[in-house]
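Engineer: I'd like to ask some things about the structure below.
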Amino acid sequence: MSVFSEYKKNLMNAAHNERIRLALSRGIASYRSNVNNALEKFPHTVEMAEEVRAIKARSIIDMEKLTQQACEAIESNKGKAYIARTAADALNIIGDLVGTDKLIVKGKSMTSEEIGLREYLEEKGNEVYETDLGEFIIQKLNSNPMHILSPAIHIPKEDVAALFSKITGEELPPDDIGKMVETARKLLREKYFEADIGMSGANVVAADTGTLVLIENEGNINLATGAPPVHIALVGMEKLVPTLGDAFKVAEVTWRYANYTMPSYVSLISGPSKTGDIEKVTTYGAQGPKEFHVVFLDDGRTELAKDPILRQALYCLRCGGCLYECPVFAVTAGKFGDKYFTGVGAVWAAIISESIEKAASIAYTCLMCGRCKVRCPMQIDVPAMMVELKKHLIEGEGDTAAE
Amino acid sequence: MANKKLVPPGLTYLADNITGRDNILGATKKEGAKWAKDIAFSENNDTIFFAGCGYQYSSELDTLMSLIRTIDKSPISTEMTMRLAGLQRKLGFDAGSIYRKVMTRGGEADALPLISAVKVLEKIGIKPGYLGEEEPCCGGLLYYIGMHKEFTEHAKSAYTRLKSKGVKKIIGIVPSCTFTLRNLLPDAVGENDIEVKHFCEVVADNISSLKLRFPEKVKVTYHDPCQLARSLGLIDEPRRILGAIENVELVEPEWTKGEFATCCGGGGGFEAVFPELSNILAVNRAKELIETGAEIIITHCPGCIMQLESGLKEMKVDNIKVLDLAQVVAMAMEV
C-alpha cells in the first residue's frame, strides 16, 4: 500500500470513530467558551500577541545566535547546555546522560515526541513515567497523542474510567472525573521522589539569562523538574527569544490562547539548585536538582528558517488553538498529521519525517479554509504555507525545507 | 525530488481538465455557456460578468462528485478515481454529461444563481458583457495544488485573452475565481490593470437603490464561503444585503460565523481527494446551520451550495432549502 493510501485509511478510520468525534465536540465547545472568556478578561492579550509575533519573527532569524547565547548563560549558571543538530544527536546526548536502569518522570513535551525520546529510553532499559494526565492516559493506552496540549483529547471520560479501573483493579464510575484525577495522583505521587531523573521541555527560553519558562496547571512539571536530583530539558531551537522580558510576553500570550486566564504554575528554571546560606559560599545541589542539562534541538529548524513563507511554522507557540478550529481535526484528531498536526504539521513532517509522501499526504488534507489563521495569535498563514509546501514538494524549486 | 506523483489522483484529474480543456470538469465549453442563451448581454466588454466553472458546470460537478464518492467508498477507492480520469481522457467520454442525463437534472435550475445575478445587476443599472464560450478558466486550482509553473502559464494566457477582448473590469461571482482573478493572476502575470470586484460588493454598494421584499416571511441563516469571507474579506456585505430584504430574518450560529465560519468541506480540491471525508464535513456544517432554526440556508458559492445540499441529503433533511444569495435578492426584487 502506498504511503498516501495507508495514511488515508487511518484518517478515514478515525473519521468513522464516533468516540473521537464525541470527545472532540466536547473539547471544542469548552475551548471556544474558555478562550473567549480569557481574552475578554485580559483584552490586552490581542495587542500583546502582535508584539510577540514581531519578537518571534526576529528570533527565528537569529535562532543560531540566540542558541549560542543561551548555552553560555546556562553554563555560567552552572548548568550544562548542548546543541543537537539531528534527532539522533539528541537521543545520543540524552542517552549518555541517562544511562540505563533509571526511573524517569517526564513532563509532556511535543519535542520529545518528535524524536521518540520515551521509546528510546525505555529500549535502553529505563522506566519512564509520563506525568501529564493526558500523556499518562495515552502511555497506558499505548496510543499516540492527538493534540499538542491535550494529548488525550480524543478519549472520552468513559474510556478513561475503564482504563483506570483496569490498572487499579477497582471499578471507577464512568462519570466521576474527580475520581479519575485522584487515581492518577495516587499512581504517580511517589514516583517523583523515587525518580533518578526528571525531564521536561520548555514553552519559551530567554537567551540572555538562560531561563526556561514552563507553563502548566497540574503541578506535575513542578514536581518532575524539582524533586529528582537531575533535570534534563529538551528544547527546540525555535523556542528561544532574546530576553527574559520577551519570554514573559510569549508565555502570557501562549497560555491565554491555550484558553487559560492564568495557569496554576509558571516555572522559571535557569540552573541547578544552589544555596549561599552558609558563609555566603555558593554550593550547588540544595533542595532541587543538583544537575541541570539543556539540550537544544535543531533537527531541520535552521534550514526551515531560511524559507520566508514556511518559516512561519517556527512562530508557533503551541497553544493548540488552531486545532480546535480545524474542521478536519474535529473528526480525525491527530490522524490529520504525523508528529505535529494539521497544516502546520505538514510543514514539520517535511523537515523531520523521512517520508516526503507523508508530508504531501498531510498537506493535501488541509482544506486551506484559513480558520486556523484567524484564531492563531501569530497569524500563521497556513493556507499560504500549504501552497508553498506543495510547490516545493512537486516542483522542488529552491528547495530548503523539503529536502 | 520534484515529483508530480505526490499530487493525489483526484487533483491531477481536475488539473488536467484546466490545462487541457480550460475548465475544471473537462466538459465542453458549450455546456458552460448554455445558461446565458436567453440573456441579452452588452456587446461592450469594458465590464464583464465572470460566471466561472463552478456555477456554469455545477450539474456536471454534482454528478461527477456523486460518482467519485461512490467509488471512494468502494474498496478500490483512490486508485480508481485516477483510472476514471484516464478513461475519460482516452475515450473522450464525459462522465458528467452521462450521469447528468441519468439523474435527469436539467442545467436550468443550477444556472439560477447566474441568471439571478445578471438580473440584479441590470436592476442596479449595470449591463455587463459576457465572454461565453471564450471565458477563460481562472486556473486557481492549479495554484492551490502547488502546480505553479502550470498556473503561471495558464494565468498569462487567461490574462492575454481577457485583455484582447477589451476587458477593463470584471464582476465575479464564484468566490475563488474572483480571488484568483483579483490577487493571484496579477501576481503571476506581473500586471494589474483589470479591476476585479465581487458581485456582492457591487450589490452592497448599491443596496439603497433596490427595494427588496421576500415573497413570504422567512428565517434564514447565512453560510460564509471561506474564500469570500477569509480571502476576499466580504463578511459584512452579504449581511448588509440580507438586512435590506423585508420579510427576511437572519439567524446565525453562535461561534461559527463570519471569519470563524466552518468550511463546508469542499475547499481547495479537497472533495476530489477525500470525497467521503468531505461529505462528513458537509454534514457537520449543515448541522451547525440548521441548529439555528432557519428554514433557508443562504450562501454565495457553488461549491458550498453543492456541499451543503449533499450534507442535508445525507441527514435526510428535505424541508430546508439551500439558495444562493443572488437568487434570494432576485426573488426579493420581483415582489
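Engineer: Could you check, for the stretch B:260-275, whether at least one of its residues is free of Cβ contacts under 8 Å to residues at least 60 places away in the same chain, surrounded by fewer than 22 Cβ atoms within 10 Å (Cβ to Cβ) and in contact with a strand residue (DSSP E or B) (Cβ under 8 Å, 6 or more places away or on another chain)?
Structural biologist: Among the residues of the stretch B:260-275, not one is free of Cβ contacts under 8 Å to residues at least 60 places away in the same chain, surrounded by fewer than 22 Cβ atoms within 10 Å (Cβ to Cβ) and in contact with a strand residue (DSSP E or B) (Cβ under 8 Å, 6 or more places away or on another chain), which makes the answer no.
Engineer: With the requirement that a residue be among the acidic types (Asp, Glu), touching a strand residue (DSSP E or B) at 6+ places or on another chain (Cβ under 6 Å) and either in a helix (DSSP H, G or I) or more than 26 Å from residue A:292 (Cβ to Cβ) (or both), what does the stretch A:148-200 give you? Give the derivation first.
Structural biologist: At the first step, the residues of the stretch A:148-200 found to be among the acidic types (Asp, Glu) are A:158-159, A:170-171, A:175-176, A:182, A:190, A:194, A:196.
Now restrict to residues that are touching a strand residue (DSSP E or B) at 6+ places or on another chain (Cβ under 6 Å): A:194, A:196.
Hit for the stretch A:148-200 is A:194, nothing else.
Engineer: If I go through the stretch A:119-146 residue by residue, how many of them are buried (at least 21 other Cβ atoms within 10 Å of the Cβ), over 23 Å from residue A:231 (Cα atoms) and out of contact with any Asp or Glu (no Cβ under 9 Å at 6 or more places or on another chain)?
Structural biologist: Residues flagged as buried (at least 21 other Cβ atoms within 10 Å of the Cβ), over 23 Å from residue A:231 (Cα atoms) and out of contact with any Asp or Glu (no Cβ under 9 Å at 6 or more places or on another chain) within the stretch A:119-146 amount to 1.
Engineer: As an exercise: evaluate residue B:174 against (1) surrounded by fewer than 24 Cβ atoms within 10 Å (Cβ to Cβ); (2) under 25 Å from residue A:370 (Cα atoms); (3) touching a residue at least 40 places away in the same chain (Cβ under 8 Å) and give the number of the one condition it does not meet.
Structural biologist: Unmet condition: (1).
Engineer: Let me ask you something else. Could you check how many residues of the stretch A:219-238 are part of a loop (DSSP other than H, G, I, E, B) and surrounded by 22 or more Cβ atoms within 10 Å (Cβ to Cβ)? Lay out the reasoning, then the answer.
Structural biologist: Start the filter on the stretch A:219-238 by keeping residues that are part of a loop (DSSP other than H, G, I, E, B), which leaves A:219, A:227-229.
Now restrict to residues that are surrounded by 22 or more Cβ atoms within 10 Å (Cβ to Cβ): A:228.
Looking only at that region, the number is 1.
Residue-wise test of (1) crowded, with 20+ Cβ neighbours inside 10 Å; (2) of a type outside the set (Phe, Trp, Tyr); (3) touching a Lys or Arg at 6+ places or on another chain (Cβ under 8 Å); (4) assigned to a helix (DSSP H, G or I).
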residue: A:51; (1), (2), (3), (4): no, yes, yes, yes
residue: A:57; (1), (2), (3), (4): no, yes, no, yes
residue: A:60; (1), (2), (3), (4): yes, yes, yes, yes
residue: A:66; (1), (2), (3), (4): yes, yes, no, yes
residue: A:71; (1), (2), (3), (4): no, yes, no, yes
residue: A:74; (1), (2), (3), (4): yes, yes, yes, yes
residue: A:78; (1), (2), (3), (4): no, yes, yes, no
residue: A:83; (1), (2), (3), (4): no, yes, no, no
residue: A:88; (1), (2), (3), (4): no, yes, no, yes
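Engineer: Do we find that residue A:354 is within 12 Å of chain B (Cβ to nearest Cβ), at pLDDT below 95 and not in a helix (DSSP H, G or I) in this structure?
Structural biologist: On the way: within 12 Å of chain B (Cβ to nearest Cβ): no; at pLDDT below 95: yes; not in a helix (DSSP H, G or I): yes.
No.
Engineer: Quick test for you: out of B:242, B:312, pick the one residue that is in contact with a strand residue (DSSP E or B) (Cβ under 9 Å, 6 or more places away or on another chain) and under 27 Å from residue A:373 (Cβ atoms).
Structural biologist: Values: B:312 fails: under 27 Å from residue A:373 (Cβ atoms).
The unique qualifying residue is B:242.
Engineer: Which numbered condition trips up residue A:259, out of (1) on the phi > 0 side of the Ramachandran plot; (2) part of a helix (DSSP H, G or I)?
Structural biologist: (2)
Engineer: Still on this structure, please answer the following. Quick one: in the stretch A:307-349, which of the residues that are acidic (Asp, Glu) and away from chain B (no Cβ under 13 Å) is farthest from the chain's Cα centre (by Cα)?
Structural biologist: Step one: list which residues in the stretch A:307-349 are acidic (Asp, Glu), which gives A:307, A:325, A:338.
Filter again for away from chain B (no Cβ under 13 Å), leaving A:307, A:338.
Numbers: A:307: 23, A:338: 14 Å.
Result: A:307.
Engineer: Give the residue, chosen from A:377, A:383, that is outside any loop (DSSP other than H, G, I, E, B) and crowded, with 21+ Cβ neighbours inside 10 Å.
Structural biologist: Working: A:377 fails: outside any loop (DSSP other than H, G, I, E, B).
Every option except A:383 fails the conditions.
Engineer: Can you tell which of B:146, B:132 is closer than 22 Å to residue B:231 by Cα, in contact with a helix residue (DSSP H, G or I) (Cβ under 9 Å, 6 or more places away or on another chain) and at pLDDT below 95? Walk me through it before giving the result.
Structural biologist: Details: B:132 fails: closer than 22 Å to residue B:231 by Cα.
Exactly one residue qualifies, and that residue is B:146.
Engineer: Looking at the stretch B:261-332, what helices (runs of 4 or more DSSP H) fall wholly within it and have at least 3 residues that are over 21 Å from residue B:24 (Cα atoms)? Show your work before the answer.
Structural biologist: Working: elements: B:270-273, B:275-290, B:302-314.
Because the criterion is at least 3 residues that are over 21 Å from residue B:24 (Cα atoms), the helices (runs of 4 or more DSSP H) in the stretch B:261-332 that meet it are B:275-290, B:302-314.
Engineer: Looking at the stretch B:197-233, which of its residues are of a type outside the set (D, E, K, R) and without any contact (Cβ under 8 Å) to a residue 40 or more places away in the chain? Show your work before the answer.
Structural biologist: So the first thing to find is which residues in the stretch B:197-233 are of a type outside the set (D, E, K, R), and the list is B:198-200, B:202-204, B:206-210, B:212, B:214-215, B:218, B:220-223, B:225-229, B:231-233.
Correct list: B:198, B:204, B:207, B:208, B:229, B:233.
Engineer: For the stretch B:116-159, enumerate the residues that are of a type outside the set (Gly, Ala, Ser) and within 14 Å of another protein chain (Cβ to nearest Cβ). Steps first, please.
Structural biologist: Taking the stretch B:116-159 and keeping what is of a type outside the set (Gly, Ala, Ser), we get B:118-124, B:126-128, B:130-131, B:133-138, B:141-145, B:147-154, B:156, B:159.
Correct list: B:141, B:142, B:143, B:144, B:145, B:147, B:148, B:149, B:150, B:151, B:152, B:153.
Engineer: So which residues in the stretch A:2-11 are part of a helix (DSSP H, G or I), facing another protein chain (nearest Cβ under 10 Å) and in contact (Cβ under 8 Å) with a residue 60 or more places away in the chain? Step through it out loud before you land on a result.
Structural biologist: To start, the set of residues in the stretch A:2-11 that are part of a helix (DSSP H, G or I) comprises A:3-11.
Filter once more, keeping what is facing another protein chain (nearest Cβ under 10 Å): A:3-5, A:8-9, A:11.
Residues satisfying the conditions are A:3, A:4, A:8, A:11.
Engineer: Test of understanding: among B:324, B:318, which residue is among the charged types (D, E, K, R), more than 19 Å from residue A:369 (Cα to Cα), at pLDDT below 95 and not assigned by TED's automatic domain parsing to the domain that holds residue B:172? Steps first, answer last, please.
Structural biologist: On the way: B:324 fails: at pLDDT below 95.
On inspection, the qualifying residue turns out to be B:318.
Engineer: Being out of contact with any Leu (no Cβ under 6 Å at 6 or more places or on another chain), within 8 Å of another protein chain (Cβ to nearest Cβ) and in contact (Cβ under 8 Å) with a residue 40 or more places away in the chain is true for just one of A:369, A:376. Which residue is that?
Structural biologist: A:369
Engineer: Another question, if that's okay. Yes or no: residue B:165 of a type in the set (D, E, K, R) and within 14 Å of chain A (Cβ to nearest Cβ)?
Structural biologist: Working: of a type in the set (D, E, K, R): yes; within 14 Å of chain A (Cβ to nearest Cβ): no.
Taking the combined requirement at face value, the residue does not satisfy it.
Engineer: From B:324, B:236, grab the single residue that is under 23 Å from residue B:49 (Cα atoms), more than 14 Å from chain A (Cβ to nearest Cβ) and buried (at least 22 other Cβ atoms within 10 Å of the Cβ). Working first, answer last.
Structural biologist: Details: B:236 fails: buried (at least 22 other Cβ atoms within 10 Å of the Cβ).
So the residue among B:324, B:236 that is under 23 Å from residue B:49 (Cα atoms), more than 14 Å from chain A (Cβ to nearest Cβ) and buried (at least 22 other Cβ atoms within 10 Å of the Cβ) is B:324.
Engineer: Would you mind telling me which numbered condition in (1) of a type in the set (Val, Ile, Thr); (2) within 11 Å of chain B (Cβ to nearest Cβ); (3) outside any loop (DSSP other than H, G, I, E, B) residue A:362 fails?
Structural biologist: Looking at each condition in turn, residue A:362 falls short on (2).
Engineer: Specify which of the listed residues (A:227, A:286, A:207, A:247) is within 25 Å of residue A:135 (Cβ to Cβ) and touching a strand residue (DSSP E or B) at 6+ places or on another chain (Cβ under 6 Å). Show your work before the answer.
Structural biologist: Working: A:227 fails: touching a strand residue (DSSP E or B) at 6+ places or on another chain (Cβ under 6 Å); A:286 fails: within 25 Å of residue A:135 (Cβ to Cβ); A:207 fails: within 25 Å of residue A:135 (Cβ to Cβ).
The conditions single out A:247.
Engineer: Same structure again: Scan the stretch A:287-309 for residues that are touching a residue at least 12 places away in the same chain (Cβ under 8 Å) and surrounded by fewer than 14 Cβ atoms within 10 Å (Cβ to Cβ) and jot them down.
Structural biologist: Filtering the stretch A:287-309 down to residues touching a residue at least 12 places away in the same chain (Cβ under 8 Å) leaves A:287-307, A:309.
If the condition is that a residue be touching a residue at least 12 places away in the same chain (Cβ under 8 Å) and surrounded by fewer than 14 Cβ atoms within 10 Å (Cβ to Cβ), then A:287, A:306 are the ones that fit.
Engineer: Then there is this: Could you grab me the full set of residues in the stretch A:319-331 that are part of a loop (DSSP other than H, G, I, E, B), in contact (Cβ under 8 Å) with a residue 60 or more places away in the chain and buried (at least 24 other Cβ atoms within 10 Å of the Cβ)? Quick ask: steps written out before the conclusion?
Structural biologist: Filtering the stretch A:319-331 down to residues part of a loop (DSSP other than H, G, I, E, B) leaves A:319-320, A:326-328.
Those left that are additionally in contact (Cβ under 8 Å) with a residue 60 or more places away in the chain: A:319-320.
A:319 - this is the single residue of the stretch A:319-331 that is part of a loop (DSSP other than H, G, I, E, B), in contact (Cβ under 8 Å) with a residue 60 or more places away in the chain and buried (at least 24 other Cβ atoms within 10 Å of the Cβ).
Engineer: Quickly run through the stretch B:259-278 and pick out the residues that are more than 7 Å from chain A (Cβ to nearest Cβ) and within 14 Å of the chain's Cα centre (by Cα).
Structural biologist: Correct list: B:264, B:266, B:269, B:271.
Listed here are the residues, each with its yes/no results for (1) on the phi > 0 side of the Ramachandran plot; (2) assigned by TED's automatic domain parsing to the domain that holds residue A:85; (3) of a type outside the set (Val, Ile, Thr); (4) buried (at least 24 other Cβ atoms within 10 Å of the Cβ).
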| position | (1), (2), (3), (4) |
| --- | --- |
| A:333 | yes, no, yes, yes |
| A:347 | no, no, no, yes |
| A:356 | no, no, no, no |
| A:367 | no, no, yes, yes |
| A:388 | no, no, yes, no |
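The values are calculated or read from the model by the stated rules, or taken from the named source; none is laboratory data. Remember, it's a predicted structure, so these values are computed and weren't measured experimentally. Here the Cβ is made from the backbone with ideal geometry for all residues, glycine too, and neighbour counts use every protein chain on show.
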